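Structure, as structure tokens:
No lab work stands behind these numbers, since they all come straight from the coordinates. These numbers were taken from a predicted model, which means no experiment stands behind them. Heads up, the Cβs are rebuilt from the backbone with ideal geometry, glycines too, and the neighbour counts pull from every protein chain shown.
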Amino acid sequence: MTDQQRIDFEARGYLVININNDALAQLQTAFDQSRDHLDDLPNQDDAFISLAEHPNIFPIAHTIISDEIQLRSLTGFIRPPDSAGRGWHQEVAGLLGVHHALSTLCIQVFIHLDDAPKNGACLMAVPGSHRFKSYLPMPDITHIQDMPHAVKLPAQAGTVTILHGNLYQAHTRNQSNTSQRFLNLTYVQCWMRHALPKLSPHTVERIRESVNLCQLFAVRDLSSAPGYWSGQLENYPEATGLPNRQFSPLKVVGKGTEPNR
């Protein structure tokens, strides 16, 4: 992760990068072969297992989350023509006991497998809103596009959007005549509950080939991954996160005030 990427992520709450054409083609093929099992991708194709440690994505995720990084979920979804989006929300806002404006517990990674057509589905975000105090009211708006200061994020095939879990984000309706394919990975701290499917014996065997994958997929075979709980990853420099999480005293839980350092 470059110094400029660190600054951009801390200031805006998101980064936009790309994967190369070969990786994109592999994921497109694996996606199409797995389209009936988009909630079970790790068991469908080894390409999705490797995606958790993709060389363009994982080093950034690791730097942001810390050595205690774990994969919470890995799914695919399709936005058919005239499909609904999702209104403005924050992914981790409901987790109490954490001062979210000063913490980084979660990042979401969206991978576009298709170019967004005119009026197609896209991601929108309010830059810097991951540091808003929790008591700031949401504007009273009717349409997603009415959100003040919101920006539409790039949506070409191969685009990877990395969002802070506390960032105000929305997904617009697909008003085009073309379906769009997406992949979504969510990385969290390893003490948090994951939402991965039950892993097949083949998938577990593949994961056990790597200490890092054992940690990411919560395969707790200590002989293969002795550093799981201490967050020791192989071939990566130590990372403490951007920034470390901050807890709040119980008397202000959910109010977003007085961080307990």
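Annotation: peptides 30-37, 120-127, 205-212, ranked by per-residue average of other Cβ atoms within 10 Å with the highest first, follow the order 120-127, 205-212, 30-37.
Could you pull out which residues in segment 158-193 have an amide N less than 15 Å from a spot 7 Å beyond the Cα of ASP8, following the Cα-Cβ vector? From segment 158-193, the list is 159-164. 3J(HN,Hα) along segment 124-133, derived from phi through the Karplus expression 6.51 cos²θ - 1.76 cosθ + 1.60 where θ = phi - 60°, amounts to 10, 8, 9, x, x, 6, 5, 9, 5, 5 Hz, with x in place of Gly and Pro. The residue list GLN156, TYR135, ILE78 was ranked by how far each Cα lies along the charge dipole of segment 70-166 toward its positive end, using unit charges on Cβ atoms, and TYR135 comes out on top. If R0 is 22 Å, what FRET efficiency do you get for TRP191 and ASN235 from their C-beta distance, rounded to 0.05? E between TRP191 and ASN235, to the nearest 0.05, is 0.40.
Computed from phi, the 3J(HN,Hα) profile of segment 88-99 under the Karplus parametrisation 6.51, -1.76, 1.60 (θ = phi - 60°) reads 5, 7, 10, 5, 10, 4, x, 7, 7, x, 10, 7 Hz, with x in place of Gly and Pro. One decimal place: the segment TYR135-ASN21 gains 36.7 nm when fully extended, by the rule 0.36 nm per residue minus the C-alpha distance.
Just check segment 115-222 against the gyration tensor rule for me: Cα atoms, a ≥ b ≥ c as the square roots of the eigenvalues, rounded for a/c under 1.5, and otherwise prolate or oblate depending on whether a/b exceeds b/c. Write out the running numbers ahead of the final one.
On the way: a/c = 3.10, a/b = 1.62, b/c = 1.91.
Cα axes put segment 115-222 in the oblate bin.
Across the chain, Cα-Cα pairs more than 30 Å apart make up 28 percent of the total.
Under a model in which nothing but the beta-carbon of Lys, Arg (+1) and Asp, Glu (-1) is charged, segment 123-224 shows a dipole of about 80 debye around its Cα centre. Inter-part distance, segment 12-86 to segment 163-221, computed on C-alpha centroids, equals 7 Å. Remark: spin-label model distance GLU209-SER83 equals 3.1 nm, labels positioned 7 Å along the Cα→Cβ axis. 3J(HN,Hα) along segment 106-117: 8, 10, 10, 10, 10, 10, 7, 9, 9, 5, 6, x Hz, from the Karplus curve 6.51 cos²θ - 1.76 cosθ + 1.60 with θ = phi - 60°, whole Hz, x for Gly and Pro. The amide H of CYS106, built 1.01 Å from its N in the peptide plane, has GLY165 as neighbours under 5 Å, considering only residues 5 or more places off or on other chains. Express the relative contact order of the chain as a whole percentage, based on alpha carbon pairs under 8 Å and six or more residues apart in sequence. So the answer I get is 32 percent. Residues of segment 87-119 with backbone nitrogen within less than 15 Å of a virtual label 7 Å along the Cα-to-Cβ line of GLN175, please, listed as ranges. Only 117-119 fall inside the zone, counting backbone N under 15 Å.
With both labels modelled 7 Å from their Cα along Cα-to-Cβ, the GLN145 to HIS37 distance reads 4.0 nm.
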